[in-house]
Each structure stands twice: as structure tokens, then as C-alpha cells.
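The values are calculated or read from the model by the stated rules, or taken from the named source; none is laboratory data. These figures come from a predicted structure and were not determined experimentally. Here Cβ is always computed from backbone atoms with ideal geometry, including for glycine, and neighbour counts include all displayed protein chains. Accessible surface is based on the protein model in full, side chains and every heavy atom, while ligands, DNA and RNA are left aside. Shrake-Rupley method; radii C 1.70, N 1.55, O 1.52, S 1.80 Å.
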Amino acid sequence: MAIRHSNPSETSAWKKLSSHFKENSNKTIRQFFSSNPDRAKEFTITWNDFTLDYSKNRISEETRELLLQLAKEVDLQSAISDQYNGKRINETEGRAVLHTALRAKESDVIKVDGKNIVPEVYAVRKRMQQFSDSIISGTAKGYTGKAFTDVVNIGIGGSDLGPEMVVKALKYYGNHLKMHFVSNVDGDHVHETLKELDPETTLFIVVSKTFTTQETLTNATTVKKWFLKSAKQEDVAKHFAAVSTNTEKIAEFGIASENVFPMWNWVGGRFSLWSAVGLSICLAVGYAHFSGLLDGANEMDTHFKTADFDQNMPVILALLSVWYNNFYGAETEAVIPYSQYLSRFSAYLQQGVMESNGKSVDRNGDKVDYQTGTIIWGEPGTNSQHAFFQLIHQGTKLIPADFIGFKDSLYGDKDHHNKLMANFFAQTKALMRGKSAEVVQEELKNQNNGETAVKSIVPFKVFEGNKPTNTLLIDKLTPNSLGALIALYEHKIYVQGVIWNIFCYDQWGVELGKELATAVLNDINGENVADHDGSTLNLLGLYKN
Ligand code: F6P
């Protein structure tokens with residue numbers, strides 16, 4: 001069966017959820033806990049080394065039932081099968097969506113247009129292994145015979161965010177190679193990076209699915225010019241590699257064919273870190289760890305495909321998000337990893353979630369009459385506690401938050417880790433429980449404050465509580481668990497897209513800005529005068545003069 005193209009708000013589950021919301025939205029999470037002593041257990045899913053406790057949410061058993069009914073009514077199961085089976089579910093671009101094939105087992109058979117794509121995937125993986133082994137071991141040498149010390153990934157969006165996030169996250173598993181990421185067309189980014197580098201010992205990887213992206217081509221050209229100041233044209237072959245679907249354009253750029261790694265149209269940019277786009281990851285941590293990352297994702301793929309929806313982590317996370325987005329009117333979601341290694345995780349998810357589900361037209365081409373994509377943001381704890389937590393605790397907005405933590409730290413410093421995790425657990429507890437006026441009053445009195453002082457200060461110290469959180473507790477940050485974590489969020493995105501009846505795998509919304517930037521650049525370069533509004537005209541005038 002093909003993916004449904006129907007309005008979710010017309011399903012009977014949605015209608016029931018609407019009235020259920022009206023009748024029950026005044027109930028608090030605390031009340032749910034008091035009425036069910038087994039709540040924590042009943043609202044927890046364990047899978048491999050992951051525990052997802054979603055008991056601190058504004059949902060009852062009935063809410064969960066209705067949300068699960070919604071998933072059934074939109075035919076989520078067949079939508080999942082369609083994706084895994086290579087159906088062209090990215091209909092506006094006529095493409096299959098198979099990032100899951102990149103981490104499939106070698107014995108799997110996944111067909112696109114009748115052809116099994118798994119052997120090709122493994123052939124590229126083999127080449128990535130050989131290439132990264134030779135660079136890491138030092139057998140591959142630069143143009144003056146020295147081994148490589150630095151690697152620069154040149155790419156943007158999906159060709160940057162995923163690799164950079166993972167390289168940071170797996171730093172502990174890294175080797176001697178120093179990794180750098182150049183993405184912004186802001187020349188100061190590339191020049192600041194080059195300042196530290198020696199052309200004799202630096203490898204550049206140009207990553208662009210299309211090989212037409214202005215930022216990446218500009219940066220790659222600048223880097224090549226810089227390189228050619230000390231090296232010769234024939235040395236480019238030793239120092240530049242490329243990853244793209246567009247082999248013609250790579251050849252024009254002058255990168256040797258043995259250093260060109262293909263990718264495929266059935267992989268979306270923001271889901272591509274598992275392909276050769278992840279070459280920088282492979283170089284940073286070695287092929288065995290890169291493989292571990294892919295295996296972890298594959299395990300999560302199996303979980304997503306086979307677990308019953310009530311035990312299915314991506315499905316449950318997606319349904320909760322729909323609940324807050326579409327019934328509570330929550331606009332944003334925070335993702336707070338309690339690990340400094342995951343400092344780029346929210347930035348990475350922003351592209352995944354917002355480029356995928358930031359759509360206002362449904363699969364029939366009609367404007368939707370309900371909310372879609374959530375706004376994702378976040379920073380690691382405990383730093384974020386000292387930055388924006390005030391607003392989550394006492395502000396006017398409802399911000400559901402995912403807390404991600406690990407039982408073990410990597411360096412095994414118990415003192416630090418216990419403190420980190422004490423904060424991790426305390427925050428979700430505080431967000432749920434809050435602190436009542438009575439308690440605040442009592443505390444203030446016990447601190448010997450006079451009655452007037454107590455009265456005037458109480459309102460400021462009250463915490464309403466009832467703030468929803470999910471807690472994801474994982475044994476340890478390893479390539480395997482990171483792979484599974486990323487895949488978990490990837491699948492959450494798709495489940496939401498299916499429910500909202502939108503196409504999550506295209507991104508037409510990024511095109512207009514690119515088009516206009518080209519026209520404005522022509523104007524800046526004096527080539528023609530584009531048709532500007534008054535404000536743009538004034539601003540350009542100021543810039544040009
Ligand atoms: O910003 C739009 C986008 O197309 C992203 O989807 C993509 O990840 C990024 O640009 C980079 O594209 P490419 O890999 O083709 O350079």
C-alpha cells in the first residue's frame with residue numbers, strides 16, 4: 001500500500017485526541033504519578049543499552065492509546081515498509097529514501113529499480129576503509145613525502161553538520177589526525193582554518209552531494225589556490241578527495257578519480273553521514289569505529305521496523321512530539337545532551353528536523369490546516385542550566401525537552417560524572433514537580449524572613465512544574481550507541497512526516513534564498529541591476545559604497 005495522502009486531523013483518533021485534550025489538559029504529571037504507582041515502569045521502554053523513560057509527560061494511558069491509534073490510522077507501518085523497501089517516497093523529487101541501506105548488513109538485499117544496491121554500498125565502504133587506513137597509518141604521503149597530520153572537510157549542511165557532529169562526539173575514539181571543518185562562505189572561516197595548516201601534511205575532502213553548492217565550491221577553490229602557492233597542479237591528486245553524486249563536476253575541479261567517492265540520489269544530504277560523506281569520520285576514528293557507528297544505526301533500524309508501536313522508541317518520541325505540537329500548541333522542543341561530546345547534536349538535529357518537516361503543504365499539494373515541523377534547539381547540560389533553563393522552568397512557554405545522558409563517562413572520573421548525572425536527574429524532577437507557594441513560604445519563614453518580606457518574594461520563587469521531559473539513559477557513549485541515537489531521531493522525523501501528511505525528504509524551501517543570492521551577487525559585481533525592493537536597494541547601496 002502506498003503512503004496515505006490524507007489529512008490527519010480528519011482521522012477518528014485525531015478527533016478523539018482533540019476532545020480528550022479539552023477534557024484532560026488541566027491534569028498534571030504529578031497527578032498521573034499519584035494515581036498510578038507503576039507509572040514509571042509502564043511508561044519506560046528498554047532496548048539494547050537504551051532506556052527511554054517518558055513517564056514525565058502530560059499523558060495518561062488513554063492519551064497513549066489514542067496516539068497509538070493515530071499511528072495506525074495513518075498507516076504508519078506500511079509507510080515504514082515503503083521506506084525500507086525502496087519505494088519512491090520522496091515523490092516531489094521522484095526518489096527512494098534509503099539511508100538505511102547504507103548501514104544494512106552485507107547479506108541484505110535492497111533494490112532500487114530492480115537492482116540490489118547493497119554490494120555498491122559495501123564496495124564504497126571497502127574503498128573508504130583502504131583510503132582511511134592508508135592516511136591514518138601514514139603509508140599515504142603528501143607531495144613532499146610526509147605523512148598527513150590534518151584533514152579538512154569542506155562542505156555545508158548535510159555535508160558538514162553530520163560529520164562534524166560525529167567527529168566531535170567520538171573524539172575520545174580518535175587518532176593523531178587533526179580534523180577541521182570549513183563550511184561557511186564567510187571567507188574568514190576558511191582563512192582562519194588555513195592559518196593553522198601546512199599544505200605538505202594536509203588532506204582536503206570536498207563533500208557536496210550536488211557539487212554545485214556555492215559555499216563549498218568557493219571554499220574548495222580558495223583552498224586549492226592556497227595549496228598551489230606551495231605545491232604543483234599534479235600534487236592536487238595526493239591532497240584532495242571528493243564525495244559527490246556529480247562525478248563530472250568533480251573532474252572539472254581536477255580531483256583524481258581514485259580519490260572520488262560516490263554517493264547516491266537515494267540518500268538525502270541531511271541523512272548522509274553514513275555514506276562516504278562520513279569519510280572524515282572514518283579518518284578521525286578509523287574504519288572499525290565508523291563501522292560500529294553504522295552497526296548501531298542498523299540495530300535501531302531493526303528496532304524501528306519490527307518493534308510494536310507501544311515499545312518503539314522513535315514512534316513514541318514522535319507521537320509525544322505531535323501531542324505537544326498539535327494539541328498543546330508547543331512550538332519548540334529542546335534537546336539537552338548531558339555530554340560535552342554531543343555539543344553539536346542539537347545543531348545537527350536542526351537540519352534533520354527542520355529541513356525535513358518545515359513544510360506547510362501536504363502530500364496533495366494543499367495548504368495544511370494544522371501545525372507541522374517543530375523548532376529544535378538545545379545545548380549540553382550542565383552549561384544550558386546556566387543559560388536558558390530559567391525560561392523553561394519559569395517562562396510562559398511550554399517547551400518539551402529530551403534529556404540524553406550516559407551511565408558511564410569515558411574517562412571514568414566518578415566525581416565529575418556523579419555531579420553531572422545528579423544535575424541530569426534533578427532537572428527533570430524539578431521541571432515536573434515544581435515548587436508550590438506553600439513550600440516557598442515555609443522555606444522563607446524558616447530562613448527568618450518577616451511576614452511582609454515573605455509575602456512579597458513568594459511569587460518569584462514559585463515553580464509551576466508540570467513541564468514535560470523524556471529521559472534517554474544510555475550505558476556509554478560509543479560509536480555503536482551514537483549510531484543508534486542518531487538513527488532514533490532520524491526515524492522520529494519520518495514518523496512525524498507520515499502523520500502530518502507531508503513529504504519529509506525534499507527541501508524546496510532552501511531554493512529561493514539561493515536564487516536571490518545569485519541575483520544579488522550579480523548586482524554587487526556590477527553585472528546587471530536586479531529588481532529590488534526599496535529596503536534591499538538601500539542596503540545594497542550602503543554596502544557597495
Ligand atoms: O541547504 C540545502 C542543502 O541542499 C541541504 O539539503 C544539503 O545538505 C546542503 O544544501 C548541501 O548540499 P550539497 O551536499 O549538495 O553541497
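Of note:
- Normalised per residue, the volume of the convex hull around the Cα set of segment 113-171 (Å³): 139
- Rolling a 1.4 Å probe over the protein heavy atoms gives the chain an accessible area of 44 Å² per residue.
- Spatial offset of segment 392-446 relative to segment 327-370 amounts to 24 Å, using the alpha carbon center of each.
- Charge tally in the Cβ shell below 11 Å around residue 362, where Lys, Arg are +1 and Asp, Glu are -1, residue 362 excluded: +2
- According to the calculation over all Cα-Cα pairs in segment 12-69, the P(r) per 10 Å bin from zero is 22, 47, 27, 4 %.
- Charge dipole (segment 18-116, unit charges on Cβ, about Cα centre) - positive-most of 25, 96, 110: 25
- Residue-averaged [θ]222 nm for the chain, counting only DSSP H segments that reach four residues, each worth -39500 (n - 2.57): -14000 deg cm²/dmol
- If you bin all the Cα-Cα distances of segment 290-409 at 10 Å, starting from zero, the percentages per bin are 11, 33, 39, 15, 2.
- Sum of side-chain charges, residue 131 neighbourhood, beta-carbon under 15 Å (Lys, Arg +1; Asp, Glu -1): +3
- Size-normalised alpha-carbon gyration radius of segment 276-350, reference 2.2 N^0.38 Å: 1.40
- Beta bridges from DSSP with both residues in segment 115-291: antiparallel share about 5 percent, rounded to the nearest 5.
- Spatial extent of segment 425-471: Rg and Dmax, with the Cα atoms as the point set, Å: 12.6, 40
- Largest to smallest in accessible area, the residues 490, 62 fall in the order 62, 490 (1.4 Å probe, all protein chains included).
- Taking every DSSP bridge with both residues inside the chain, close to 30 percent are antiparallel.
- Segment 293-349: GluC sites (Glu not before Pro) in DSSP coil with no more than 16 other Cβ atoms inside 10 Å: 331
- Here each label is just a point 7 Å from Cα along the line to Cβ, and for residue 366 and residue 77 those points are 2.7 nm apart.
- Solvent-accessible area, 1.4 Å probe, carbon plus sulfur percent, for segment 325-473: 51
- The mean of 1/r over all pairs of different alpha-carbon atoms in segment 115-291, once inverted, gives a Kirkwood hydrodynamic radius of 15.9 Å.
- Taking each residue as 0.36 nm, the span from residue 383 to residue 122 lengthens on full extension beyond its C-alpha to C-alpha distance by 89.9 nm.
- Restricting the trypsin sites (Lys or Arg not before Pro) of segment 369-420 to loop positions (DSSP other than H, G, I, E, B) with no more than 11 neighbouring Cβ atoms within 10 Å leaves 397.
- The H on the amide N of residue 241, modeled in the peptide plane, is under 5 Å from the matching H of 204, 205, 206, each at least 5 residues off or on a different chain.
- Nearest-0.05 FRET efficiency for residue 265 and residue 457, computed from C-beta distance (R0 51 Å): 0.25
- Note on the chain: the C-alpha convex hull projects to 30.7 nm² when averaged across all orientations.
- Inter-part distance, segment 211-274 to segment 522-538, computed on C-alpha centroids, equals 32 Å.
- Other residues whose C-beta falls under 14 angstrom from the C-beta of residue 250 contribute a net charge of 0, scoring Lys and Arg +1 and Asp and Glu -1.
- Counting only protein heavy atoms and using a 1.4 Å probe, the accessible area of residue 328 comes to about 50 Å².
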